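I have placed the structure first, in the form of structure tokens, so that the comments after it can refer back to it.
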């Protein structure tokens, strides 16, 4: 059963407008009504907010109700969570890359009554606020854009084939997002109408466009910005150029993994059945675990090649085993080499 919140010890805050006198007649303003009150969750805790409206008593003056600007800036209208809570949750999620459970734990440590489901809703509210603030961010760079113009980059991301695509237009020099839209198709006319034309309508000179080699983006740029230089992204070019090497490296990594895991399984089975108090078993299990970690290596095109990384890790393991075999007088490794079945199996696994 859902329990009612205890509001007895919640502190109260009262807000009134900054205006003290009527701008028309100069007489003092008087409290007319309570505009709203609500319990608000902030990073400092729960508070009970009261916002009062003030007006002039003279009939000849306009019946304007003045309200507190500070109170209106505490939270969105109709919300029981402050802007500071929404912003902090958005920062944790998108800048610190924390999971929902981690965010819930952080909020619980501050004794804030926010459920995991509510965190999801507040993340969506944060994204809406971020989009609403985007024109103001662009306006702060107006002087720079008037002087230097824009170099824009256009890129599209499709989570799964057949789903909607997210297109993002950014200013490359300032790393500033200018436009982001979800399109049901990557047709050139949609890209031109929903992305390039709104950026063009900002009124700044577009010096160049950067994108991948997608033909739809190229046609859209030719239609909306016919005289603008258009260059393919160097990262995409490197990925395309390095694709044959990356595929060969991935095939080599797959073969090495298959052969090594087939040899590692019987050794791991023998070690799991051996006495855990034996030093030689502990040492060999460490080598097996290091080998498993090396087999989990993954690559990223075009420069991080997992096959070469696995080869280097195997060489380091081999050198470590050779050093241990050479320095048999080291007490911590001496029992390891007395059990020749384990030692020879691990040695052959690494060397072969």
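The values are calculated or read from the model by the stated rules, or taken from the named source; none is laboratory data. Note that the coordinates shown come from a computational prediction; the quantities given were computed from them, not determined experimentally. No Cβ is skipped: glycine too gets one built from the backbone with ideal geometry, and neighbour counts run over all protein chains shown.
Grab the helices (runs of 4 or more DSSP H) fully contained in the range 3-115, keeping just those with 2 or more residues being without any contact (Cβ under 8 Å) to a residue 40 or more places away in the chain, closer than 25 Å to residue 129 by Cβ and assigned by TED's automatic domain parsing to the domain that holds residue 128. Break it down into steps so the answer makes sense when it comes.
Details: elements: 69-72, 83-94, 100-109.
In the range 3-115, 83-94, 100-109 are the helices (runs of 4 or more DSSP H) which contain 2 or more residues that are without any contact (Cβ under 8 Å) to a residue 40 or more places away in the chain, closer than 25 Å to residue 129 by Cβ and assigned by TED's automatic domain parsing to the domain that holds residue 128.
Kindly check whether there is at least one residue in the range 2-24 that is surrounded by fewer than 16 Cβ atoms within 10 Å (Cβ to Cβ), modelled with pLDDT under 90, within 28 Å of residue 120 (Cα to Cα) and under 31 Å from the mean Cα position of the chain (by Cα). No, the range 2-24 has no match at all.
Filter the range 242-258 down to residues that are over 25 Å from residue 165 (Cα atoms) and surrounded by fewer than 13 Cβ atoms within 10 Å (Cβ to Cβ) and give me whichever is nearest to the chain's Cα centre (by Cα). Lay out the reasoning, then the answer.
We begin by selecting, within the range 242-258, every residue over 25 Å from residue 165 (Cα atoms); these are 242, 244-258.
If we keep only those that are surrounded by fewer than 13 Cβ atoms within 10 Å (Cβ to Cβ) as well, we get 244, 247-248, 251, 254-255, 258.
Numbers: 244: 30, 247: 28, 248: 31, 251: 31, 254: 31, 255: 34, 258: 34 Å.
Out of the qualifying residues, it is 247.
Against the test of being exposed (fewer than 14 other Cβ atoms within 10 Å of the Cβ), in a helix (DSSP H, G or I) and modelled with pLDDT under 70, the options 344, 350 yield a single qualifying residue, 344. Annotation note: Cβ proximity below 9 Å between a residue of the range 154-182 that is over 30 Å from residue 142 (Cβ atoms) and a residue that is modelled with pLDDT of 85 or more and surrounded by fewer than 16 Cβ atoms within 10 Å (Cβ to Cβ) (sequence gap 6+ or interchain) occurs for 158/166; 159/166.
I want to confirm something. Restricting to the range 219-237 and keeping residues that are farther than 25 Å from residue 300 by Cα and touching a residue at least 24 places away in the same chain (Cβ under 8 Å), which single residue is surrounded by the most Cβ atoms within 10 Å (Cβ to Cβ)? Working first, answer last.
Initially, the range 219-237 is screened for residues farther than 25 Å from residue 300 by Cα, giving 219-230.
Keeping just the survivors that are touching a residue at least 24 places away in the same chain (Cβ under 8 Å) gives 219-221, 223-225.
Working: 219: 15, 220: 27, 221: 22, 223: 15, 224: 19, 225: 19.
By that ranking, first place goes to 220.
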